[in-house]
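The values are calculated or read from the model by the stated rules, or taken from the named source; none is laboratory data. This is a predicted model, so every value here is computed, not measured. When we count neighbours, we look across all protein chains shown, and the Cβ atoms used for this are built from the backbone with ideal geometry, even at glycine. Surface areas here come from the heavy atoms of the whole protein model, side chains and all, with no ligands, DNA or RNA. Shrake-Rupley method; radii C 1.70, N 1.55, O 1.52, S 1.80 Å.
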Amino acid sequence: MKSSALVFLTAFMALSASWGGFVLAPQIQLGRNAQAKTVPAGDLYPVARPGLANQGADVYRALGCVHCHSQQVRQDGVKCELVLTDAGTNTTATLAALGKLKPGLATAETLSGLPKTLMPLADMNAADPLLKVITGAGAKAEVHVTPTGPDIARQWGRRHTVAQDYVFDSPVQPGTRRAGPDLANVGARFPDRNWHLRHLYAPLAEVANSTMPPYRFLFEKRPVGSGPVPDALALPAGFAAEPGFEIVPTDAARALAAYLVSLRADSPLFEAPVTLPPAPATTAAK
Amino acid sequence: MSNGTQSMWNALDGEPTATLKAVPQWLIVAMLLLFLGSAVYFDARGGWFEPKVYGPYNSLANVESFQPPPPSGPDLNRGRKVFEATCSLCHNSDGAGKPALAPPLAGSDWVNTAGVNRLIRIPLLGFAPGPITVSGQTYDFPAGMTAFGSLSDDDIAAVLSYIRKLWGNNASPVTAEQVHAVRVEIGNRTQPNTVEELKSLPE
Amino acid sequence: MTAPPSNPPSAIDASCRLPLFGLFGGAAVCLALASGFGLIASLSFHKASLFADCAMLSYGRAYPAWSHLLVYGFCVPAGLGAGLWLLARLGRVEVAKPWLIAFGAKLWNLGVLVGLIGILAGDASGFEWFEMPRYAVIILLAAFLIITLCAFITHYGRSRRHEEADSPSGTEARFVTSEPTLYPSQWFVVAALFWFPWIFTTAGWLLHYFQVRGVVQVAVGWWYAGNLLNVWLPLTGLAATFYLLPKITGRPLQSQYLALFAFLTLVVFGTWTGMPAHAPLPAWMPTLSGGASLLALVPALAVVASAILTCRGSNVACLGGPLCYAKFGVVSFAVSSLLIALTACPLISRVTDFTWFNHGHATLRLYGFFVMTMTGAAYYILPRVSGIEICANRVRANFWLFVIGTLLFTLPLVAGGVTQGAKLLDPSILFLDTAKPAMMAFRMSTLGEVLIAAGSGLFLFNVLAVMAAWYRSVCRQAFANATARLETAEAQS
């Protein structure tokens, strides 16, 4: 090239193109996301973390947990299934309707052990005529949407993580390495904060053969006063302090445990449809 | 411009020079093939810049085809939320009512009705001050009941279905269509209900 | 030890001495320190409880310290140093304001130190390849802008000189259109000097000072990392490669158009890489990055073709000297570009996501391509700017330590990552059973890290030896001048 002005111009155009594509465009598309509504219930998602969990997010960042743990769930595909939930009062009509859907289904065995998966579907649009047939016979059926993938099969989440899951995180740390398991839904897998505290102090106490380093500097070893404090860790033999001493978490450990317990990303959204198993029914208003 | 291996610069001071050999053809072909592959890949999986399309879905229509249908049965969760936010202030969270504010809903004969026509008019228009008999007990509320016509059809249907299923009540749910039909009947009316007027209407 | 100065450096080279001592000296120290922190980080995997009571040396802080020291402590200053020298040499002009550049180098080192302390204290940002806390960002940016300013003044000083030398007297000399005046290395350096401030300012602004909301943070962070690793490092590394290969072999670079093709495809396609395939971003972003990663193979192929054609038919044996470093750098650049392009394919990225594979190809690019090329450039440049020869045996030893260390470091990680990923895909295999078998690969890679640490130590020793020998020669010269003056004064009296 003859002039450095041309070099400069080429570099400018190339960099401004990718700046527009990967800095400006995401900001326009995603930068003003606030809470979204789940489908179909219409609840607001995500809910802001309580104060201690927010402090815990800062501890997570300061300790560099992101270099071993990821916080994102991948999804390979999605499964759509027709599920019979109620056989209705007229079983003969129901069986006839089932027979119309698929010959092999019209057996008494299909009606036992409800809810029962009847058949896979391509998507919701394919379900409408089938649902009409079943409800016409007085029975009830639902369509269940289940994401599939190795992360989901490992129970690390129910659906892939999307931008909406990180709206209130600062900084957002989805991670790029899994030296340890994924943490996007660890609050659903291990909802007990005491488990997290014990695991942070001595991972081998909770997970056999764990490769995670112990974080003993997050805890204090104190002599027991008149009695153990409520916060003291209840560790198994071999990991507990010697008699007369107790292990007490510092504020940082408590905050980190609160943060880990708050990590969940399985609400159904428009961009991440999933049918969750039914929550326990609310019986009393109190 | 000369081609071949003739240098462009004079090698005056030992600094390197560059020849004018053309870019080999295979490289240009490779670039075009890779570009084609990338374009096909983007078309198949890129979602065409839609912000709501995440892998593995590949288009907005694909995502929409997996959206759940709106719930068909009564949404008791929603009803509970509306009740706690709006009604429980006077009727109390356990539906037992508050003295001088509102009658009980638990076991109320106004709630456990077969038809829903009268019941729907109550939140839509409220009650004028005056005595009211609920399940054999007479109450007198000097302030009557506020109208809550600003709630949506879905919210009113949800909260009525909720109170008809709780605290020992067991009546059929209320649908948004039924609420809408009553709203159309009422029209622009803002005058609250009276007990006599409601009793004259079909249940 | 080092021989006394043989040929005194030319005026251009001598003007570069002060800034390059500052830039390469600081870079060598940081490279050695980075290796130290890398070893500390790896130790956490070999014995998990080693740093259980020490927050500062735990993996979560030692690993960002390693990446910070490597990229900002070594890569950027070494790239700047080589780039400055190339602009001066190819522009046939002395470097502008060497004392200001040396000040900028010291300021940069201060920023790196402040960033390191911040990371070890727990202020790391959490964004990979941009770990420094916000207070270090300003210092580093100021230092880079100072050095860039001087570099642009140097480069601008070039064009007037060339035109004045060529133009016949009395005619308008402003526009010379008969001959191009820029050698490919100059385009690469000018583009690199422009590139870094923009991406660094964007990342610093949007991630620290006016933090964007939600997942846009990771989009910006990955855009920055992609531009840093896949555009800026290749720009500065290839500038040195395109100079060293023809200069040492004595053959002309083959060819100008191939270099132009490599430059254009690098800046146009490389800048769109960066988003991993599994990102929690709308599908169009990782897909665009995947396509760009595929296309980023093209500049790698162009560079390999150019290197092969340039070196073919030359009888110069490299003997572990800067030519060997440059050649190994080209090979590593091509292989790491190939690995990145492979991850663009969704079938492959399913297996390699979240494994050691990504760490493997990133370190192949960093150590195998950039550190090697810059070390070779340093071994070529420093003797010329100071007049001090470096012992060829030490240079060769450094070469083999780095080569074997890099191969042992990166290849087991790449292979181990693939097996780890294949196991992660099978949900019936417990997670711990996927992590443990990767430990064998990790042990080999730690051995590679030890060799790289030894090589870094040797590089630091060589650089310090050059500087020490130069200072010694200056002192000796000053002493000789003083005694000569005394003798003449005595003879006269």
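Could you go through region A:228-236 and let me know if any residue there is in contact (Cβ under 8 Å) with a residue 12 or more places away in the chain, closer than 30 Å to residue B:80 by Cα and among the hydrophobic types (A, V, I, L, M, F, W, C). Among the residues of region A:228-236, not one is in contact (Cβ under 8 Å) with a residue 12 or more places away in the chain, closer than 30 Å to residue B:80 by Cα and among the hydrophobic types (A, V, I, L, M, F, W, C), which makes the answer no. Is it true that residue A:96 is more than 18 Å from residue A:162 (Cα to Cα), in contact (Cβ under 8 Å) with a residue 24 or more places away in the chain, out of contact with any helix residue (DSSP H, G or I) (no Cβ under 8 Å at 6 or more places or on another chain) and hydrophobic (A, V, I, L, M, F, W, C)? Spelling it out, residue A:96 is indeed more than 18 Å from residue A:162 (Cα to Cα), in contact (Cβ under 8 Å) with a residue 24 or more places away in the chain, out of contact with any helix residue (DSSP H, G or I) (no Cβ under 8 Å at 6 or more places or on another chain) and hydrophobic (A, V, I, L, M, F, W, C).
Taken over region A:4-58, the criterion of being of a type in the set (Gly, Ala, Ser) and not in a helix (DSSP H, G or I) is satisfied by A:31, A:34, A:36, A:41, A:42, A:48. The residues listed here are A:51, A:31; of these, the one that is modelled with pLDDT under 95 and surrounded by 18 or more Cβ atoms within 10 Å (Cβ to Cβ) is A:31. For region A:213-232, the tally of residues that are among the hydroxyl-bearing types (Ser, Thr, Tyr) and surrounded by 13 or more Cβ atoms within 10 Å (Cβ to Cβ) stands at 1. When C:114, C:71 are checked against the criterion of being within 20 Å of residue C:371 (Cβ to Cβ) and either away from chain A (no Cβ under 13 Å) or among the basic types (Lys, Arg) (or both), a single residue qualifies: C:71. Give the residue that is most open to solvent (accessible area, probe 1.4 Å), with candidates limited to residues of region C:324-355 that are within 14 Å of another protein chain (Cβ to nearest Cβ) and under 22 Å from the mean Cα position of the chain (by Cα). Ranking the candidates gives C:338 first.
Check region C:416-433 and report whether any residue there is open to solvent by less than 60 Å² (accessible area, probe 1.4 Å), touching a helix residue (DSSP H, G or I) at 6+ places or on another chain (Cβ under 8 Å), closer than 17 Å to residue C:39 by Cβ and not charged (D, E, K, R). There is no residue in region C:416-433 that is open to solvent by less than 60 Å² (accessible area, probe 1.4 Å), touching a helix residue (DSSP H, G or I) at 6+ places or on another chain (Cβ under 8 Å), closer than 17 Å to residue C:39 by Cβ and not charged (D, E, K, R).
Among C:249, C:265, C:241, which is the only one that is farther than 24 Å from residue C:381 by Cβ and among the β-branched types (Val, Ile, Thr)? Just a single option satisfies the conditions, and that option is C:265. Would you mind stating whether residue C:17 is closer than 20 Å to residue C:377 by Cα, out of contact with any His (no Cβ under 8 Å at 6 or more places or on another chain) and among the charged types (D, E, K, R)? So residue C:17 passes the test. Selection over region C:122-144 of residues that are more than 9 Å from chain A (Cβ to nearest Cβ), open to solvent by less than 20 Å² (accessible area, probe 1.4 Å) and either in contact with a Ser or Thr (Cβ under 8 Å, 6 or more places away or on another chain) or touching a residue at least 60 places away in the same chain (Cβ under 8 Å) (or both) gives a count of 6. Being more than 10 Å from chain B (Cβ to nearest Cβ), open to solvent by less than 20 Å² (accessible area, probe 1.4 Å) and within 25 Å of residue C:88 (Cβ to Cβ) holds for only one residue in C:214, C:237, C:226, and it is C:237. Listed by position, the helices (runs of 4 or more DSSP H) enclosed by region B:91-203 that each have at least 1 residues that are under 27 Å from the mean Cα position of the chain (by Cα), surrounded by 14 or more Cβ atoms within 10 Å (Cβ to Cβ) and modelled with pLDDT of 85 or more are B:117-125, B:153-163, B:176-186. Taken together, the residues in region C:195-211 that are facing another protein chain (nearest Cβ under 7 Å), surrounded by fewer than 21 Cβ atoms within 10 Å (Cβ to Cβ) and under 25 Å from the mean Cα position of the chain (by Cα) amount to 2. Let me confirm something: among A:231, A:266, which residue is outside any strand (DSSP E or B), in contact with a Pro (Cβ under 9 Å, 6 or more places away or on another chain) and at pLDDT below 90? Checking each option against the conditions leaves just A:231.
Table: residues versus (1) more than 22 Å from residue C:139 (Cα to Cα); (2) part of a helix (DSSP H, G or I); (3) among the hydroxyl-bearing types (Ser, Thr, Tyr).
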{"site": "C:8", "(1), (2), (3)": "yes, no, no"}
{"site": "C:12", "(1), (2), (3)": "yes, yes, no"}
{"site": "C:25", "(1), (2), (3)": "no, yes, no"}
{"site": "C:29", "(1), (2), (3)": "no, yes, no"}
{"site": "C:33", "(1), (2), (3)": "no, yes, no"}
{"site": "C:37", "(1), (2), (3)": "yes, yes, no"}
{"site": "C:40", "(1), (2), (3)": "yes, yes, no"}
{"site": "C:60", "(1), (2), (3)": "yes, yes, no"}
{"site": "C:65", "(1), (2), (3)": "no, yes, no"}
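Summed over region C:250-264, residues that are within 22 Å of residue C:198 (Cα to Cα) and open to solvent by less than 10 Å² (accessible area, probe 1.4 Å) total 2. Among the residues of region C:245-265, at least one is of a type in the set (Gly, Ala, Ser), over 17 Å from residue C:137 (Cα atoms) and part of a loop (DSSP other than H, G, I, E, B). For residue C:220, the criteria (1) more than 24 Å from residue B:42 (Cβ to Cβ); (2) more than 9 Å from chain B (Cβ to nearest Cβ) hold in every case but one, which is (1).
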